[in-house]
Amino acid sequence: MQASHIILGVDPGTVVMGYGIIAVKGEKIELVTMDVLKMSSREDGYDRLKKIYTIIETLIKTYKPHGFAIEAPFFGKNVQSMLKLGRAQGVAIAAAMQHGVPVTEYSPKKVKQSITGNGNASKDQVMKMLQRLVSFTEDTRYFDATDALAVAICHHFQEGSPMAAAARSIAPGRAKKVKGWEAFVAVNPDRVK
């Protein structure tokens, strides 16, 4: 029996942070859990960051993921919101790194493209496609949970792509540094004329 490959996906936030965990066996993707950490906006910002760290650490200790995927913050007009979101993302990444879990970051557009085929898909379209991919029926109260699940599944899809395989074979442990056609051609010289 093939062992499961566990991936933890996170949609960072300072008031609502979504998380989703999948187990992959061969071609089958199974939903392990997804939920949100909901915090009060009146709560001290540093206390919220501590809660984010603690929940990520608890999820890692409980489910022992092989990969950690997080959604990159999009660039908005409100600088203060961006700074707070960046802190939340940094704390989540630090928790994963502290436990030796490899971290990968994906833009919201890349996640939507990977799940629906459309980088401009709505959150509802992403959720409907996720329901087909992992067979869950319940509607979640927060899109943050399904966004996190989408990040985890996007990571799984990207790990299996020819470009990702090429990057891993050229620079093990440094896949983010090697991207594009150079990596693909190096691994697949027979496919270039």
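Read the figures in this text as sums done on the coordinates, not as results from a lab. Just so it is clear, the model here is predicted, and its values are computed rather than measured. Virtual Cβ from ideal backbone geometry, glycine too; neighbours counted across all protein chains shown.
When the charge dipole of segment 5-160 is built from unit charges on Cβ atoms (+1 for Lys and Arg, -1 for Asp and Glu) and taken about the Cα centre, the candidate among 102, 39, 5 whose Cα reaches farthest toward its positive end is 39. Counting only DSSP beta bridges with both residues in segment 1-120, the antiparallel share comes to about 70 percent. Extension gain for residue 50 to residue 120 (0.36 nm times residue separation, less C-alpha to C-alpha distance): 21.9 nm.
Compute the signed sum of charges (Lys and Arg +1, Asp and Glu -1) over the other residues within less than 15 Å, Cβ to Cβ, of residue 29.
0
Backbone phi angles across segment 120-136, fed through the Karplus curve with coefficients 6.51, -1.76 and 1.60 (θ = phi - 60°), yield HN-Hα couplings of 10, 4, 7, 4, 5, 5, 4, 4, 4, 5, 4, 4, 6, 6, 10, 6, 10 Hz in residue order; Gly and Pro are listed as x. Among 94-100, 106-112, the peptide with the highest mean count of other Cβ atoms within 10 Å heads the list, and the full ranking is 106-112, 94-100. Taking all Cα pairs closer than 8 Å and separated by 6 or more residues, the relative contact order of segment 5-160 comes to 33 percent.
Amide H to amide H, with H built 1.01 Å from N, residue 72 comes under 5 Å of 106, 107, counting only residues 5 or more places away or on other chains. With neighbour counts taken as other beta-carbon atoms within 10 Å, the residues 74, 143, 136 rank, fewest first, as 74, 136, 143. What separates the Cα centres of segment 88-114 and segment 1-58 is a distance of 10 Å.
Applied to segment 25-40, the Karplus parametrisation 6.51 cos²θ - 1.76 cosθ + 1.60 on θ = phi - 60° returns per-residue 3J(HN,Hα) values of 10, x, 9, 8, 9, 10, 6, 8, 6, 8, 6, 10, 9, 9, 10, 7 Hz, with x for Gly and Pro. Note that segment 64-73 has calculated 3J(HN,Hα) couplings of 6, x, 8, x, 10, 10, 9, 7, 6, x Hz, one per residue in order, obtained from phi through the Karplus relation 6.51 cos²θ - 1.76 cosθ + 1.60 (θ = phi - 60°); glycine and proline are x. Among 79, 103, 10, 126, sorting on how many other beta-carbon atoms sit within 10 Å of each Cβ, with the fewest leading, yields 79, 103, 126, 10.
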